[in-house]
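Just below is one structure, and these are the notes that go with it.
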Amino acid sequence: KKIQTHLLADAYFKLGYQNKAVRVDECGTYLEFKDCPNGHEGQKLLSYANFCRERLCPMCQWRRSMKLSWQVKNVCHYALLQDKSLKFIMLTLTVKNVKGDMLSDTIDNMMYAYRKLTYRKEVKRAIEGYFRVLEITYNENREDYHPHFHILLPVKERYFQGYYYISQERWTELWRKSLKVSYDPIVEVHKIRSRKGKSKVQEDQDNYLQAMEKAAAEVGKYTVKPDDYIKNNPEVTQEVVGVLTEALKGRRLVSYAGILKTAYNVLKMEDIDSDNTDLVHTTENEKECKCSVCNSDLEDYVYSWNIGAGQYIGQVKERGL
């Protein structure tokens, strides 16, 4: 991830984004960890880092993805605790691939179309809210972009009993009408199911929670993966970075509604899209100060990025520094 930041910084510099280039190049050059002095594995916790928080920064993308996944799992878990009869549906809404000069307008149309979709009577009566995230992939062979939505929909059990049910074909029709396009966009929808073979109610609920958390982790990935815009060819990297930077400027990429928005507010989750979001502590457990194995106080370690070696050099942090 750190090596990729240098490649992104170089692209930003050539595109004329000097401030972004400097921030990204310096991102993650200094890290502080807390670790067990007795060597117990799995206890190392990040306690400080000089993250830049640029949207395309590979380091910050990685941390945002971790935090977003944790948030979505906890929001859905809270909603299930409030109503154990809830079920979840995974919905993917796509459009045709577009060239770079059409990406921003296409995303605008998708955002507007999604609002129209959720305002339709049959959708409003069927769902209890949603979590939605925009993802964009780049096809290097075709030199085009594929923006699409990943969505988690909480529904009541009645959803699967006729009147409230929306088939895959109907979701496709509704999305096509909302987009106002002449083709049938690819739409994927499936119910999240727990593992079979369990008979006890509590075991079924636990299994469903595990299945839901796995789905939440899959949906809760941040917008663009670094491998989609950090390429072996610097000219391609520069072009794709330029397109994505302009297309994503000022956008809200993650959205909650309904009971998931209520859970988000009750749990006082941080705004993942904010420039001030905490990317050091991606879960509450990372704020612990003692080893969970031996209960010893965690010791401080610092790691500095060595450009010449292309790796981090670590040492124990001296007390008082």
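Under the rule that an exposed site lies in a DSSP loop and has at most 16 other Cβ atoms within 10 Å, name the longest stretch of the chain with no GluC sites (Glu not before Pro) of that kind, not counting the sites themselves. Could you put the intermediate results ahead of the total?
Details: sites that count: 41, 140, 143, 270, 288, 318.
So the longest stretch without any such site is 144-269.
Hey, what's segment 58-271 come to in accessible area per residue, 1.4 Å probe, Å²?
50 Å²
For n ≥ 4 DSSP H runs only, could you compute -39500 (n - 2.57) per run for the chain, divide by its residues and tell me the 222 nm figure to the nearest 500?
Numbers: 9 runs with 126 residues, N = 321.
Per the formula, -12500 deg cm²/dmol.
Can you give the FRET efficiency to the nearest 0.05 for residue 276 and residue 168, using r as the Cβ-Cβ distance and R₀ = 35 Å?
On the way: r = 40 Å, r/R0 = 1.14.
So the FRET efficiency works out to roughly 0.30.
Give the residue from 160, 220, 237 lying farthest towards the positive end of the charge dipole for the chain; charges sit on Cβ (+1 for Lys and Arg, -1 for Asp and Glu) and the dipole is referred to the Cα centre.
160
Using Cα pairs under 8 angstrom and six or more residues apart, how large is the relative contact order of the chain, in percent?
Details: 524 pairs, mean separation 91.9, N = 321.
Taking the mean separation of contacting Cα pairs over the length of the chain, I get 29 percent.
For residue 188 and residue 116 in the same chain, what is the full-extension length gain: residue separation times 0.36 nm, less their Cα-Cα distance, in nm? Spell out each step's value before the answer.
Values: separation 72, 0.36 × 72 = 25.92 nm, distance 1.87 nm.
Between residue 188 and residue 116, full extension yields an extra 24.1 nm.
Probe radius 1.4 Å, ligands and nucleic acids ignored: give me the carbon and sulfur share of the accessible area of segment 127-192 as a rounded percent. Mind showing how you got there, number by number?
On the way: 1340 of 3150 Å².
Here it works out to 43 percent.
In nm, to one decimal, how far is the residue 156 label point from the residue 38 one, both placed 7 Å along Cα→Cβ?
5.3 nm
Distance in nm between label sites at residue 141 and residue 2, each 7 Å beyond Cα in the beta-carbon direction?
Reported label-point gap for residue 141 and residue 2 is 3.6 nm.
Given R₀ = 41 Å, what would the calculated FRET efficiency be for residue 19 paired with residue 315, taking r from the Cβ atoms and rounding to 0.05? Please list the in-between numbers first.
Details: r = 31 Å, r/R0 = 0.76.
That gives a FRET efficiency of 0.85.
Residue 82 to residue 294: extension gain in nm, 0.36 nm per residue of separation minus the Cα-Cα distance? Walk me through the numbers before you get to the answer.
On the way: separation 212, 0.36 × 212 = 76.32 nm, distance 3.54 nm.
So the chain would gain 72.8 nm between residue 82 and residue 294.
Just add up the charged neighbours of residue 181: K/R +1, D/E -1, any other residue whose Cβ is under 12 Å from the Cβ of residue 181.
On the way: positive: 96, 176, 177, 180; negative: 173, 184.
Residues close to residue 181 contribute a combined charge of +2.
I'd like the FRET efficiency for residue 50 and residue 249, computed as 1/(1 + (r/R0)^6) with the beta carbon distance as r and R0 of 30 Å, rounded to 0.05.
Numbers: r = 23 Å, r/R0 = 0.78.
Efficiency, rounded to the nearest 0.05: 0.80.
Determine the share of segment 1-75's accessible area contributed by carbon and sulfur atoms, expressed in whole percent, with a 1.4 angstrom probe. Write out the running numbers ahead of the final one.
On the way: 1680 of 3310 Å².
Carbon with sulfur: 51 percent of the solvent-accessible area.
The values are calculated or read from the model by the stated rules, or taken from the named source; none is laboratory data. Just so we're clear, the structure is a prediction, and the values are computed from it rather than from any experiment. Virtual Cβ from ideal backbone geometry, glycine too; neighbours counted across all protein chains shown. Accessible surface is based on the protein model in full, side chains and every heavy atom, while ligands, DNA and RNA are left aside. Shrake-Rupley method; radii C 1.70, N 1.55, O 1.52, S 1.80 Å.
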